Amino acid sequence: MKKITLSFLILLLFLTACVPKTPTMPAIPPTEKAPAAPTPPPTNAPAPAANTPSPPPVPAPPLGNTPLVISEVMAGDLDFVELFNASLDAINLKGYRLVYRLGTTEKDLPLYTFERNLTLPPYGHALLALKDNDPGMAVDGVFSQQLNIKTGGIGLYTPNGQLADTAAWGKAPPLFTEGDPAPELPKNASLQRLPGGSEGNFRDTNNNANDFTIAAPNPLNSLASPTPLLDNRLDLRLLTDDSAEPGKIFAYQLELENLSERDLRNLTVTLPLTGSLTVIDIEAGGAQDDDGRVVWKLDTLPAGEETALGLTAQAPWTYARIHVSGYSAVSPDLPRPAYGPAAITNVQGGVIPIRVARSLPRGTRVTIEGVATMYTGGYYAGGGNTKFYAQDDSGGIQVQVFGESGPLPEVSLGDRARISGYIEHYRDSIEIIPEILPADVEILGAETPPAPKTMSAAEAIANPQNAGEYIAVTGLATRIEEATYSYEIDIMDAAGDTIFLYVDKETRLTADELNEGALYTVAGILEYYQGKWQLKPRIPADFQRVYPAALRLELSAPNVAAPGDPITYTLTAYNHTAEALTQLAISSATPAALAQIFDGGAQEDNTVFWEIPSLPPNDNASVRFSVIAPQQGVVTNDAYGAVALEWPTPVTGPAFRTFIGNTVPIWAIQGDGYKSPYVNSYLQTEGVVTAIFDPDDIPGFFLQEKETDDDPATSAGLFARAENAQVSPGDWLRVGGVVKEKSGQTELLLDELEILPKPSSPFQPVVLHPPADEMDAARYYEALEGMLVHADGVAVSPISKYGETALLRPERNLQRVMKGDPLGRLIILDDNSWTARYDDAAALPFSITTGDAVQDITGPLAYTYGQYKVEPIAPPFITPGDFERHPSLPEVGADGFSLATCNAENFFDNKDPNPASPPRPNAKEYRHKAAKIANSIAAMGYPTLIAFEEVENVDVLEKVAKQPALEGYPYQAVLVEGRDSRGIDVGYLLRSDRAEVLSYTLRLDDEGLFTRGPLLLKSLIHTADGEVTLYTLANHFVSMGAGFEATEPRRVQQAQWNLDIVREIQAREPDAHIAILGDLNTFLDAPAMNVLYKGGLRHVFEQLPPEERYTYIFQGESETLDHILVTPGLAKLINAVHVLHINADFPPPAPDDESPQRASDHDPVVVWFGENKK
């Protein structure tokens, strides 16, 4: 405690003597100055003349040892905490925080942090209450931690982390006890600081037993008048509506009453308003300054008189709590500014813009109004449910309707609807969920549906606010594939940017008439789902083929023909220009003996031709001829074309084959490209079964033809999709069905099957020797798709949870492929299942660790999930490598400290809510995960401070801290809930025997840039060489689920946000030690990382050899996603850097394995620091 100065006591006694009826309290000077309230603007008033008496001092009660004190606490039934400003200055509470402790533990339980401005006038109060409890008045904040009536203590911390005041009762925690604790709290009574009531709460003798008494609850909030009220004062009070609807205009009236004994001249009255309010009109000559404050100038307010100043403002278009405080008046006749109590307006009810609704927290109940841009029943919504989309001028949103809420609505395109419900985040999508049907979905009428907003692909995905809107993009279809429940299409616009189309089969849309390489304008609902942007068409009109202004020619004919039958060719010319094409000539060579010419054509030598005088714009004309099918072989028409007077350059088309007989060979079905030329055609073919698997894993079998063509670009193998086909390897089959491209794999959707009585000999598999270049490797593998292949290799990844392992041929003498190395040479071994997922090793068909030798791999080459992979017909032979199975680090010495980052991979507790994926763990699984993470911490050498990613809440971190592996290592958990749609957050575990928490705050932006982190922690590290103040920013940047190029711009913004926080700290503390760490979901040389490098931060991997710089393995590529970057001063303290390779190189573990191995899919990074660098 500071010594009491004589001058302070003299001043204090003088001021006390001027205040009648105020008890005298022991006076102790404050230990820390509280943050000041906003400074009123200067009055610009002339100084009083020499003969003008100075204004009398305002009487004041004695001050306690801190300007801001805990003045009342109630526990048990109606928990609340009241604060009191015991000073003559206004105090802004922003940054103050309250912490609760039980008497039986040293664990801090966060109670409340003031994150926004709230200014208490002299002798004013603030009231915090337990969530869902009603103290009978408005509260200034809510907390969720219940208080115990028998034991507890509350600590009040200043914004810079110093303990300002405490209050403790019963069995009290020592840190939060001043002197002796107050008695236990009886029910229906509170602990009140003396003297209490209208006399204020000034007693502060540093003894809780003396300073507090038990009394009937008497809470006061920031709206209450100060206690005590001084007699000689300027009284201010702000009057306004208790509530207002979003966007509505309401009024403020600021009343001033001069209760002093003299006139007040040159008054300047200042009313600071929140930025969410829009000022409409200001009365009495007031004006709004550059800081948004409303300022009035008054010449004189005579003694005993009052006046009122008014303004009108528009409420924000959102639900909000408008808390106005800190308004003041200054005058040369007042010794200090006069302040009034706060005013609160709750913005609630009414209809809000959809864009605003999207920005509100999960669980917020909203009402919106918009026009339906998607009808019910067209997008999959789960059994018994439905969904639709609504849009207004501000944005669009999904409305997910569950059948359990009542009768499902029927919504058509163009229906105007008023929708109420709560905001939910589902797999990264934002939606409204109505709760009561039919009341929550009201159809107001029918309107013309809005036109789509035209955007480029880059514009569409650049702004998160575009999600939920009806948009249109024009581009080339570069990929068209069929999946189980959808069609997947890539559209590349003129700038080369690509957007992904998800065509839900519930819409009854198909991709049968779409062509790769064709230009389309595609409209649909833009949505962000599971980390990926999707454009979702709704109706056939959402696909519009866009043709170049040109003459176009198509040829059609049968795929097969019997010997001697006619083969009829139809040639169709299309005029896509704006003018008529005249003197149109269409011609074709006759690929076999001519049978007949139709439609007025003629023959000259081996050519047939037609002349059409004129073809109008946007019209077409067809002509035909036929030839006689020969006895065998194939008839190929590759010489046909058309010209016109206005289009003299001949236009042609691709070669067309007609096979003589009943079947089309497999090589022709596969074609010489990545897509079959026969997609959506019904064909028959022949081949021998090479492999068949469990239909629950791979629903079909592989065929290969005995005789094939000599083109190295075509494959002789094919997958036939069929359930429970009764065939065996070696059967010679004739099969029929529709040709499909299922996720990029050419397949025959089997409709008919015949086993032919033909003998067959075993196929000799093709030994794989893929080239290093990725494009060359893709062509190499495509020419083998569906064929029997063989490989031996060394694993450069473990078997994944999807059963895939990446290999390199043994002669390459490599055991790892680093980021940037050629990837074409990778060989992917699969587990014979296209559906299995392995959370542990119990069901794995075989187990592979990085470095293992894998031999005798034989099976067909499939293409699924974007990869060519071998499906082995027998288990391979595996020889374990020499990769270290259980690496660990020693504990850092007392003269240093260690810092780590660890992605815990979907670490959820066993309680609801839980995301759809992964499933909620049971109690045993939850405990098992906690044990593995704790053992990982032990393997890391018990770091001083660990940043965690993908943890659900503070409870899971505390669960880890209590595990037997960490006994003797007191870890304190720090986590602030973010707004991630899956509920994953970032947090810390800090060793309280080596460090202490000074402060922490979640530094989210207001625009949705972040959903999790950055979590800023200020800690004090204790070492034998002294104390180190450390700032850490734990991060989990946006994932690459939608692709690196599409998501990296957002990570660049996230990196810049972090860098701005670093600079903010450095502006106060130029030599501050700061670290940015976590799963940044980007690579060492990526643009987001370059932002941090250019900002002066150093990557700790600078001290590692290149082969150690990986924390994650993706499809065989070792890469860095987890990073620690430090300021230069902190970099000088680095002793060592370790990537503890306990996860990325290992397969899913055994169910009962609690070792650190494969506790996550990311390797942790550990850095040792010390003042005495080794």
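Here, each number is a calculation from the coordinates, and none is a lab measurement. Just so it is clear, the model here is predicted, and its values are computed rather than measured. Backbone-built Cβ (ideal geometry, glycine too); neighbour counts: all protein chains shown.
Sorting the segments 782-791, 673-682 by their mean number of nearby beta carbons within 10 angstrom, highest to lowest, gives 782-791, 673-682.
Phi angles across the stretch 806-818 convert, under the Karplus curve 6.51 cos²θ - 1.76 cosθ + 1.60 with θ = phi - 60°, into 3J(HN,Hα) values of 9, 10, 10, 4, x, 6, 6, 6, 10, 10, 7, 10, 8 Hz, Gly and Pro given as x.
Stokes-Einstein, applied to the Kirkwood radius of the stretch 234-347 over Cα pairs at a viscosity of 1.306 mPa s and 10 °C, places its translational diffusion at 110 µm² s⁻¹.
When each of the peptides 433-445, 102-114 is scored by how many other beta carbons lie within 10 Å of its residues on average, the order from highest to lowest is 102-114, 433-445.
Separation of the stretch 503-542 and the stretch 805-827, taken as the distance between their Cα centroids, equals 37 angstrom. Among beta bridges identified by DSSP and lying wholly in the stretch 129-264, the antiparallel ones come to about 85 percent. Loop-located GluC sites (Glu not before Pro) in the stretch 818-923 (DSSP state not H, G, I, E or B) with no more than 11 neighbouring Cβ atoms inside 10 Å: GLU884.
Determine ³J(HN,Hα), in whole Hz, for all residues of the stretch 996-1012 in sequence, where each value follows from phi through the Karplus function 6.51 cos²θ - 1.76 cosθ + 1.60 and θ = phi - 60°; x replaces Gly and Pro. Each residue's phi maps through the Karplus curve to give 9, 7, 9, 6, 7, 7, 8, 9, 6, 8, 9, 10, x, 4, 10, 10, 9 Hz. What the pair-distance distribution of the stretch 1051-1155 shows, using all Cα-Cα distances binned every 5 Å from zero, is 2, 11, 21, 20, 17, 13, 7, 5, 3, 1, 0 percent. Placing dummy labels 7 Å off each Cα toward the beta-carbon, the span from THR364 to ALA215 is 3.9 nm. Our Cα-only numbers for the stretch 556-659 put the radius of gyration and Dmax at 14.3, 46 Å. Restricting the GluC sites (Glu not before Pro) of the stretch 565-621 to loop positions (DSSP other than H, G, I, E, B) with no more than 15 neighbouring Cβ atoms within 10 Å leaves GLU579.
Comparing Cα centroids, the stretch 1112-1174 and the stretch 1000-1015 end up 24 angstrom apart. Here the spin labels are modelled as points 7 Å beyond Cα on the Cα-Cβ line, and at GLN583 and ILE436 they lie 7.8 nm apart. The percentage of C-alpha pairs in the stretch 833-917 whose separation is greater than 20 Å is 65%. Scaling against 2.2 N^0.38 Å puts the C-alpha radius of gyration of the chain at 1.17. Once backbone amide H atoms are built at 1.01 Å from N, GLU184 has GLY170 as its partners under 5 Å, excluding neighbours fewer than 5 places away on the same chain. With contributions of -39500 (n - 2.57) from each DSSP H run of at least four residues, the per-residue ellipticity at 222 nm computed over the chain stands at -2500 deg cm²/dmol. Using every pair of separate Cα atoms, the Kirkwood estimate puts the hydrodynamic radius of the stretch 662-756 at 13.1 angstrom.
Near ALA668, once Lys and Arg are set to +1 and Asp and Glu to -1 for all other residues with Cβ below 11 Å from its Cβ, the sum equals -3.
At 4 °C and a viscosity of 1.567 mPa s, what translational diffusion coefficient does Stokes-Einstein give for the stretch 766-879, taking Rh as the Kirkwood radius over Cα pairs? Give it in µm²/s as a whole number.
92
Work through the residues other than SER797 whose Cβ is under 10 Å from its Cβ and net out their charges, Lys, Arg +1 and Asp, Glu -1. Before the final figure, lay out the partial values.
Values: positive: ARG816; negative: GLU804, GLU1117, ASP1145.
Here the charged neighbours net out to -2.
Annotation: for a label point projected 7 angstrom from Cα along Cα→Cβ of ALA595, residues of the stretch 548-571 with backbone N closer than 16 Å are 556-571.
Using the Cβ of HIS125 as centre and a radius below 9 Å, the other residues enclosed give a net charge of -3, where K and R count +1 and D and E count -1.
Extension gain, ALA451 to GLU1102: 0.36 nm times the residue separation minus the Cα-Cα distance gives 229.1 nm.
Phi-derived couplings, Karplus 6.51 cos²θ - 1.76 cosθ + 1.60 at θ = phi - 60°, listed residue by residue for the stretch 514-531: 8, 10, 5, x, 8, 9, 9, 9, 10, 10, x, 8, 8, 9, 10, 9, 6, x Hz, with x used for Gly and Pro. Taking amide H positions as modeled 1.01 Å from N, with prolines and chain starts lacking one, the residues under 5 Å from SER743 and 5 or more places away or on another chain are GLU482, ALA483. Taking label positions 7 Å along the Cα-Cβ direction at both GLU1045 and GLU306, the computed distance is 6.9 nm, reported to one decimal.
Of the peptides 803-810, 247-254, the ranking by mean beta-carbon count within 10 Å, highest at the top, reads 803-810, 247-254. Rounded to whole Å, give me the distance from the Cα center of the stretch 359-409 to that of the stretch 116-167. With the stretch 359-409 and the stretch 116-167 each reduced to a Cα centre, they are spaced 39 Å. For the stretch 437-551, the direction-averaged projected area of the alpha-carbon convex hull comes to 9.4 nm². With a threshold of 31 Å on the Cα-Cα distance, the over-threshold entries among LYS107/LYS801; LYS453/LYS740; LYS387/LYS869; LYS740/LYS801 are LYS107/LYS801; LYS453/LYS740; LYS387/LYS869. The slack between LYS742 and ASP132, meaning 0.36 nm per residue of separation minus the straight C-alpha distance, is 214.3 nm. Of the chymotrypsin sites (Phe, Trp or Tyr not before Pro) found in the stretch 427-536, those that fall in a DSSP loop while having at most 15 other beta-carbon atoms within 10 Å are TYR485. Between the amide H of PHE1010 and those of ASP1005, distances stay under 5 Å, these residues lying 5 or more places away or on another chain, with hydrogens modeled in the peptide plane.
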